[in-house]
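The values are calculated or read from the model by the stated rules, or taken from the named source; none is laboratory data. Keep in mind that this is a model prediction, so the values were computed, not measured. All Cβ positions, glycine included, derive from the backbone under ideal geometry; neighbour counts span all protein chains shown. These area figures cover heavy atoms from the full protein model, side chains too; ligands, DNA and RNA do not enter into them. Shrake-Rupley method; radii C 1.70, N 1.55, O 1.52, S 1.80 Å.
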Amino acid sequence: MRFLLTCLFLLAALPLAAQQQQQPPKPSDQPTGTISVNESTAQDNAIARRLRAILGELEGYENISVSVSQGIVTFRGSTLDAASAQRLNELAARVEGVVAIRNEAAETADLAKRLNPAVQRFRTRLMQFVAFVPLMLVSVAVFAVVFLLGLWVARWQQPWERLAPNAFIADIYRQILRLAFALAGLVIALDILGATALLSTILGAAGIVGLAIGFAVRDTVENFIASILLSVRQPFSPNDTVEIEGDTGKVIRLTSRATILLSLDGNHIRIPNAIVYKARIVNYSRNETRRFTFALGVAPDTDLARARKIATDTLIALPFILDRPAPAVWVEDVGDSTVTLRIAGWIAQTHAEINLARGETIRLMIRAFDAAAIEMPEPTYRFAQLADMPPGAGTPGETGAHMPAPPTQSEEIQDVTATSDRDLEDIATEERESGETEDLLNHAAPKE
């Protein structure tokens, strides 16, 4: 059975091999035109001589024989490949007087003859490469000289640090300069090699790779660009008290990736620059003056004009309250059991701390209202058990019954100097001076 299958396979393969060895000429390869009725042996001999002379000048047709009879050209022998055999038809069709072409040339199976052209091509390319090496070395040397020149220029301190607002931007200028010199050296080297058309391919591939990398590290690139813009804009300075996305603290430094804050509790807050650049930033230190406000409730039957005057006089009398901008008191709201007064005062942040000044003002304002017998009822209800209440103390749910007198308060104005704020500034300064991370903030740079 196995022998029978083998015989069938060989019988099926023989016609295919014969077809590959002797392919009939294509109709398009046959000559066209009118066939002469005159027989000319001299013309056949002339056609044969002409074709033999042509094939003798071409490489790979040494084993091809040519015979011509009645204007019919017959090729026999072997060629290196099928394409060479097919070109015989094209060649004979161009000779005058050829009536038809019988191409019996086959592709050679001789391994040595098949390898000789490949070896010859390899030798030719090797010789071309050897001849090309000096030119390539010259182009590489030119590229190296231009690139090293760019590195040398980029190391200059000036004018890059003078043109840049900070050292970070100066480094970016240097990187751009190195890249420009590298591209210039590449263009000159490719021009020497005569391959400037390759530059567009290189730049296109670099652009695609850069785009892919940009999508992969989008957050990092966004932070880097935000760092550049923030270092140029300078929305805050070191030791400024700022509020960013709900976080409040002293600015320690601005790095190439994040903004570092020292919170009022002494904690480090690291906010990515991409968030800082797009966030709402409140800078409390940009202006020297700052306003604080608070609300006080008085009884509905209070003389509001008198209460406002007492509150205003109290604010003016405080040494840490500024005259300009002037303090203000106004009626803000009316509730079920109280009328709310809004009290506002301005301080100099370099001398007074905002929280201490606000707290001391509230204390002194309550004392002034109490001295002027201005009632400040509480808008809450107090509940107590009847068994625990003294006789005549009222019923549960009543408000304002037997309220205890306010505690005696000191007449002396408390110190509101910004001591803790200065301590935080000292801590932030020590953090900045001891840290090894670069700081992109510059006191001398223009502020936004």
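Quickly run through region 269-313 and pick out the residues that are among the aliphatic types (A, V, I, L, M) and farther than 24 Å from Glu431 by Cβ.
Those that are among the aliphatic types (A, V, I, L, M) and farther than 24 Å from Glu431 by Cβ: Ala295, Leu296, Val298, Ala299, Leu304, Ala305, Ala307, Ile310, Ala311.
Are any residues in region 340-363 of a type in the set (A, V, I, L, M) and either modelled with pLDDT under 90 or crowded, with 19+ Cβ neighbours inside 10 Å (or both), and if so, which ones?
Passing the criteria: Leu341, Ile343, Ile347, Ala352, Ile354, Leu356, Ala357.
What number of residues in region 43-71 are touching an Asp or Glu at 6+ places or on another chain (Cβ under 9 Å), part of a strand (DSSP E or B) and of a type outside the set (Ser, Thr, Tyr)?
1
Give just the number: which of (1) at pLDDT 80 or above; (2) surrounded by 14 or more Cβ atoms within 10 Å (Cβ to Cβ); (3) of a type outside the set (A, V, I, L, M, F, W, C); (4) closer than 30 Å to Ser78 by Cα does Gly185 not satisfy?
Here Gly185 meets the rest and fails (4).
In this structure, does Thr108 turn out to be surrounded by 17 or more Cβ atoms within 10 Å (Cβ to Cβ), among the polar types (S, T, N, Q) and modelled with pLDDT under 75?
Spelling it out, Thr108 is indeed surrounded by 17 or more Cβ atoms within 10 Å (Cβ to Cβ), among the polar types (S, T, N, Q) and modelled with pLDDT under 75.
Checking the conditions here, which among Pro319, Pro327 is within 21 Å of Gln414 (Cβ to Cβ) and surrounded by 14 or more Cβ atoms within 10 Å (Cβ to Cβ)?
Pro327
List the pairs whose first member sits in region 312-329 and is over 17 Å from Asn287 (Cβ atoms), whose second member is among the small types (Gly, Ala, Ser) and open to solvent by 60 Å² or more (accessible area, probe 1.4 Å), and whose Cβ atoms are under 7 Å apart, counting only residues at least 6 apart or on separate chains?
So the pair list comes out empty.
Considering each of Arg114, Arg94, Arg125 in turn, give the residue that is open to solvent by 60 Å² or more (accessible area, probe 1.4 Å), modelled with pLDDT of 80 or more and more than 53 Å from the chain's Cα centre (by Cα).
Arg94
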